[in-house]
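Below is one structure, written out as structure tokens; the observations come after it.
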Amino acid sequence: MSRSVKEITQTDGLVTMYCCGPTVYRDAHVGNLRTFLLADLIARTIALTGLEVQLIQNITDVGHMADDFQEDGAEGDKMLAESKRTNIDPFEIARRYEERFHQDLARLNVIPADLYPKASENMTEMIAAIEELIANKSAYVGSDGSVYFDAASCASYGAISGNKLDSLKPGHRYEYVDEGGKRFHADWALWKVAGGRTQMIWDSPWGPGFPGWHIECSVMSINLLQAHANVHIGGIDLRFPHHENERAQSNALTKQETVDTWVHGEHLLFEGRKMSKSAGNVVLLQDVIDRGLDPLSLRFSLLENRYRSQMDLSWASLEAAHATLRRWRTAMTEWGNGDDVKFDQEVIYALTNDLDTPRAMQRLRTVEKDSTLGALDKRAIFLFADQVLGLDLARPAIQKALPAEIAALLAERAQARADKNWPTSDLLRAQLEEAGLEISDGPTGQSWSWK
RNA sequence: GGUCGGAUGGCCGAGAGGCGAGGCAAGGGACUGCAAAUCCCUCUACACGGGUUCAAAUCCCGUUCCGACCUCCA
């Protein structure tokens, strides 16, 4: 366990990966998507080096926040709060946002995981795991009837985050609220008794209740990946406590180091600030699309920063990405056609060197300008890189048929130009641009393309 | 208070002892009836103070400022 760059492990040519997925009570914003993209980039890079990848990403459709801590106003469980607000069944909310999550991933060209297990469908397995942890003496039933994990039972607790158990004194950041039921402040709930709750609760040996926040990932990753994952991915904020606790649970269950490499993606800021409802700067992929930008310009922008550095996204950078994407696609069609792929040492070096996507992007800009390379070679190198970058670089810039009324306007404008009727010509150009065309006048007359 | 990062041109961002990455914006030019798009050209930098070295944006010491995590979160 170290916090440095190391080689990804494999077993007989197979790399198993687990990525902490969304809690489906709202839309994923572009920051969430950055983390999901990270899993895709790692999976694609590993695949490009000739290894097989198995990727699992969970869907959290069981609220896990219930009064674990109190901040002013003490939100309860997020799923239930949203359910109460909208008066819709919590499971229906979950299904709705799950669908939108998959849609966002598809629009970002994220290759789907092999499985998207749901917390709600693994209840039996979670309960069995909790029973095993109690039998192991890693967990206990607290005085309030809930089940808690005994943090001190994990000798190496803190290996991921660097947090030492005895320095984890309560109350540095929040008012500490004594939950009463647990023996030690660093312990955490595996199963919470229902209390006054009536929705989203399940029967268990400890009475009706619901699972704690961390146990679902332990259980699903162990069960679906044969008790061992080569790579486990999540956002930086999950490093502590989620992954730390998950590791303690998983290792207690499998009696081994369950995960070889923990990868954490840094946060995305938007125009200098952390995205939050209160700051009013939450940006969804749909917002990017609504601005007339290709959703892959988000992917492009994210690729221009290293995954483990904090990144500031802005409309200016998305617009720049959109423009370059268009230029590259246009260049690709000019360079030729076909699917030939040319292995490029620099691209592969950048990607396998701790996923240096900015350098891979830089390489493409260099290739684009390199006059010693032939057009077909350029295209083939771009296609090679695109296997990981996933920017649909081979997609032709023009993809829609021209509607008849637009064609008529074009003809009208060609006539106006022939007549040197500039005011009419300019008016028509404005109309055509409004309709999404881009008009250019050159020595051979008027030409157009889709914006 | 603890732990870990960071400070590079108008802006975003790589680089980690010696050749000023790149992008955006800006200015100039080509093209155009005029534009847009595109192409060509131009411009500019390493937070501060010491030190090490033939040579420091890069290494060391100190200072200032910013951020992340420290039981909601991607």
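Label point of A:Val282 set 7 angstrom out along Cα-Cβ; within segment A:223-244, amide nitrogens under 20 Å from it belong to A:235-238.
Using heavy atoms of the protein chains and a probe of 1.4 Å, the accessible area assigned to A:Trp422 is about 120 Å².
Placing unit charges on the Cβ atoms only, positive for Lys and Arg and negative for Asp and Glu, gives segment A:14-265 a dipole magnitude near 380 debye about its Cα centre.
A Cβ-based charge dipole, computed about the Cα centre of chain A with Lys and Arg at +1 and Asp and Glu at -1, lands at about 860 debye. Rolling a 1.4 Å probe over the protein chains gives A:Trp448 an accessible area of about 80 Å². Summed over the residues of segment A:269-389 and divided among them, the accessible surface reaches 48 Å² per residue at a probe radius of 1.4 Å.
Taking other residues whose beta carbon is less than 10 angstrom from the beta carbon of A:Gly209, and scoring Lys, Arg as +1 and Asp, Glu as -1, yields +1. Counting charges near A:Ser301 (Lys, Arg +1; Asp, Glu -1) among other residues having Cβ under 12 Å from its Cβ returns a value of -2. Pairs from the table (A:Lys369/A:Lys451; A:Lys164/A:Lys192; A:Lys6/A:Lys255; A:Lys78/A:Lys137; A:Lys118/A:Lys182; A:Lys342/A:Lys378) lying more than 20 angstrom apart at Cα are A:Lys369/A:Lys451; A:Lys164/A:Lys192; A:Lys6/A:Lys255; A:Lys78/A:Lys137; A:Lys118/A:Lys182.
So, with a 1.4 angstrom probe, what is the percent of accessible area on segment A:292-354 that is carbon and sulfur? Solvent-exposed carbon and sulfur of segment A:292-354 make up 45 percent of the total. Above 17 Å, the calculated P(r) of segment A:298-362 contains 53 percent of its Cα-Cα pairs.
Normalised by residue number, the volume inside the convex hull of the Cα atoms of segment A:339-445 is 148 Å³ per residue.
For A:Asp392, the solvent-accessible surface with a 1.4 Å probe is about 50 Å², rounded to the nearest 10. Partners of A:Lys420 within straight-line reach, counting lysines whose Cα lies under 21 Å from its Cα and excluding those fewer than 8 residues away in the same chain: none found. Helices in chain A that qualify as membrane-span-like (whole DSSP H runs, Cα extent of at least 20 Å along the helix axis, mean Kyte-Doolittle hydropathy of 1.0 or higher) are A:30-48. Distant-in-sequence amide contacts of A:Tyr18, defined by a placed amide H-H separation under 5 Å and a gap of 5 or more residues or a different chain, comprise A:Ile56, A:Val231, A:His232, A:Ile233.
Taking Cβ atoms as reference points and 11 Å as the exclusive limit, the residues near A:Gln286 contribute a net charge of -1, counting Lys and Arg as +1 and Asp and Glu as -1. Less than 5 angstrom separates the built amide H of A:Leu313 from those of A:Leu269, A:Phe270, A:Glu271, A:Gly272, all sequence-distant by 5 or more or on a different chain.
Both radii come from the Cα set of segment A:269-389: Rg as radius of gyration, Rh as Kirkwood radius; their ratio Rg/Rh reads 1.02. With viscosity 1.567 mPa s and temperature 4 °C, the Kirkwood radius over alpha carbon pairs of chain A converts through Stokes-Einstein to a diffusion coefficient of 52 µm²/s.
From the residues A:Asn305, A:Ser276, A:Ala331, which one has its Cα farthest along the dipole of segment A:270-352 in the positive direction, the dipole being from +1 and -1 charges on Cβ of Lys/Arg and Asp/Glu about the Cα centre? Ranked along the dipole, the leading option is A:Ser276. Note on segment A:248-307: Cα-Cα pairs beyond 14 Å make up 71% of the total pair count. How many percent of Cα pairs in segment A:14-265 exceed 33 Å? Here the long-distance tail beyond 33 Å is 16 percent of all Cα pairs in segment A:14-265. Across segment A:404-450, counting alpha-carbon atoms alone, Rg and Dmax equal 9.6, 26 Å. The HN-Hα couplings worked out from phi for segment A:52-63 by the Karplus form 6.51 cos²θ - 1.76 cosθ + 1.60 (θ = phi - 60°) are 8, 10, 10, 10, 10, 9, 7, 10, 8, 10, 10, x Hz, whole numbers, x standing for Gly and Pro. Sorting A:Ile160, A:Ile236 by accessible area puts them as A:Ile236, A:Ile160; the probe is 1.4 Å, largest comes first, and only protein heavy atoms count.
Here is the list for segment A:244-328: trypsin sites (Lys or Arg not before Pro) lying in DSSP coil, each with at most 10 other C-beta atoms within 10 angstrom of its C-beta, are A:Lys255, A:Lys277. The length gained on full extension between A:Asp12 and A:Leu115, counted as 0.36 nm times the residue separation minus their Cα-Cα distance, comes to 35.0 nm.
The values are calculated or read from the model by the stated rules, or taken from the named source; none is laboratory data. Just so we're clear, the structure is a prediction, and the values are computed from it rather than from any experiment. For neighbour counting, all protein chains shown are included, and Cβ atoms are generated from backbone atoms with ideal geometry for every residue, glycine included. When the accessible area is computed, the model is the full protein with side chains, heavy atoms only, and any ligands, DNA or RNA have been set aside. Shrake-Rupley method; radii C 1.70, N 1.55, O 1.52, S 1.80 Å.
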